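Beneath this line is the structure, given in structure tokens, with notes to follow.
The values are calculated or read from the model by the stated rules, or taken from the named source; none is laboratory data. Everything numeric here is computed off the predicted structure, so don't read it as measured data. Backbone-built Cβ (ideal geometry, glycine too); neighbour counts: all protein chains shown. Areas reflect the complete protein model, heavy atoms only, side chains present, ligands, DNA and RNA absent. Shrake-Rupley method; radii C 1.70, N 1.55, O 1.52, S 1.80 Å.
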Amino acid sequence: MSWDLKLHCIACDATLPPTLVYRCPDCGGILEVVRQKPEGRSWHRADFVGDDVTLGEGSTPLRELSPNLLHAGFKGRLLIKDETRNPSGSFKDRLVAAALSRAIALGATGIVSASSGNAGAAAACYAANAGIPAIVVCPDATPRGKLAQILAYGATLEQVPGHYGNAFEHAKRLCVETGYANLTTTYLNPYGVDALRLIGQELYEQMDCVGPDWIAIPTSSGPLVKGVFQGFTDTAGKVPRLIAAQAGGCAPIARAFDDGKIDVYGWENPKTIASGISDPLLGYPEEGSLTLSIIRASKGVAYAVGDTVIREAMIDLAHKAGLFCEPTGAASLAAARDLAMKGTIGSTDTVVCIVTGHGFKDFAAWT
Ligand SMILES: *Cc1c(COP(=O)(O)O)cnc(C)c1O
Ligand SMILES: [Zn+2]
């Protein structure tokens with residue numbers, strides 16, 4: 001794990017030393033990690049995650065699927081990046097492994113995570129292995145498979161009524177009370193977001209250093225979007241067009257994109273089967289604005305898909321590709337299908353869909 005890094009405020013440009021701080025003390029802006037790329041080599045997991053913390057997250061398969069799975073007339077290439085293969089079944093492991101490594105190195109004695117389920121499962125999993133306590137805060141409506149994971153790994157589970165934003169606020173209070181590190185996986189913990197650049201680099205290298213035309217990404221607040229962007233910027237110097245796939249019942253970023261706005265506003269009454277992307281961004285819409293700016297910088301699109309289309313994509317991935325994912329994981333394929341049908345994605349383009357979470361996590365979605 002390298003210490004050669006700084007925190008940078010994206011709002012006021014302030015630079016800070018790397019401590020356990022989650023927003024800019026001067027202006028409240030989102031913090032990001034700035035670090036020097038290693039000389040003459042790619043990033044390694046060990047640049048972000050301690051040897052005692054890693055459980056082998058990342059290095060997930062990239063699989064080529066039949067182009068028919070995108071769309072009948074599609075003649076390009078369709079690939080999926082299978083993030084269900086991570087230790088706790090979602091890409092959140094990449095983030096949590098790095099955030100926890102940093103928290104332990106900075107002296108944290110426990111961790112707190114606000115989660116729609118997967119981040120909490122990852123936090124519980126990695127805390128168990130590291131031998132430190134974890135408190136996970138989830139909305140009442142969290143899928144039972146995710147709650148079962150959190151409890152199985154031995155974390156303390158607290159559930160709060162209503163949407164994800166309530167869990168976010170409650171976790172912040174718990175951190176103040178306990179002195180534990182906040183591993184909430186919005187943009188709140190800069191060290192977790194920082195490690196997601198590995199997924200971009202990994203994807204690029206798996207494609208023999210020829211990036212795809214499009215990468216579709218199930219998107220909540222957007223750290224995964226930022227990670228992919230950053231990974232390509234670091235290694236390829238050029239970023240594919242990114243698709244932020246949101247659920248029609250909770251689409252603050254896609255709405256702002258459609259309206260041509262720069263600022264994202266919170267979404268009242270989120271409702272979708274895609275629990276992993278059900279964050280309405282109420283209370284911290286600036287996170288959505290950051291993600292939207294990254295989508296635009298890539299010349300990409302933010303796009304909302306309804307639950308029916310998400311479910312069809314999820315079923316097709318299982319039936320036709322042997323990939324068992326949760327609804328959220330299939331939102332990327334669902335969005336890419338719509339965009340191919342509309343002609344936004346060209347008929348000979350190369351499309352990568354990131355499938356973010358495992359089917360074991362949400363059996364109810366299958367019944
Ligand atoms: C958290 C999550 C997302 C959204 O990731 P963000 O980086 O918060 O936008 C997508 N898919 C799954 C399965 C998740 O758990
Ligand atoms: Zn600032």
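Under 6 Å between Cβ atoms, which residue pairs at least 6 apart in sequence (or on different chains) link something in the range 295-308 that is free of Cβ contacts under 8 Å to residues at least 60 places away in the same chain and within 20 Å of Pro223 (Cα to Cα) with a partner that is open to solvent by less than 50 Å² (accessible area, probe 1.4 Å) and of a type outside the set (Gly, Ala, Ser)? As it stands, the answer is Ala304/Gln246, since those pairs meet every condition given. Among the residues making up the range 79-119, a single one is touching a Pro at 6+ places or on another chain (Cβ under 9 Å), surrounded by fewer than 24 Cβ atoms within 10 Å (Cβ to Cβ) and among the β-branched types (Val, Ile, Thr): Thr109. Within the range 139-190, the residues that satisfy the criterion of being of a type in the set (Val, Ile, Thr) and more than 19 Å from the chain's Cα centre (by Cα) are Thr156, Val160, Val176, Thr178. Of the residues making up the range 265-280, those that are open to solvent by less than 70 Å² (accessible area, probe 1.4 Å) and in contact with a strand residue (DSSP E or B) (Cβ under 9 Å, 6 or more places away or on another chain) are Trp267, Pro270, Thr272, Ile273, Ala274, Ser275, Gly276, Ile277, Ser278, Asp279, Pro280. The set of residues from the range 49-68 being within 16 Å of ligand 1 (Cβ to nearest atom) and in contact (Cβ under 8 Å) with a residue 60 or more places away in the chain comprises Gly58, Thr60. Taking the range 53-76 as the range and being of a type in the set (A, V, I, L, M) and modelled with pLDDT of 95 or more as the test, the residues that pass are Val53, Leu55, Leu62, Leu65, Leu69, Leu70. Looking only at residues of the range 324-357 that are buried (at least 24 other Cβ atoms within 10 Å of the Cβ) and assigned to a strand (DSSP E or B), we find that the one that is nearest to ligand 1 (Cβ to nearest atom) is Gly357.
The C-beta contact set for the range 73-89 (first residue on the phi > 0 side of the Ramachandran plot, second residue crowded, with 22+ Cβ neighbours inside 10 Å, distance under 8 angstrom, 6+ apart or interchain) comprises Gly89/Asn118; Gly89/Ala121; Gly89/Gln149; Gly89/Gly357; Gly89/His358; Gly89/Lys361. The strands (runs of 3 or more DSSP E) found wholly in the range 111-201 and carrying at least 3 residues that are away from ligand 1 (no atom under 16 Å from the Cβ) and not aromatic (Phe, Trp, Tyr) occupy 156-160. Considering the range 8-52, and only residues there that are assigned to a loop (DSSP other than H, G, I, E, B) and basic (Lys, Arg), the residue that is modelled with the lowest pLDDT turns out to be Lys37.
Restricting attention to the range 60-71, the residues that are assigned to a loop (DSSP other than H, G, I, E, B), surrounded by 12 or more Cβ atoms within 10 Å (Cβ to Cβ) and out of contact with any strand residue (DSSP E or B) (no Cβ under 6 Å at 6 or more places or on another chain) add up to 1.
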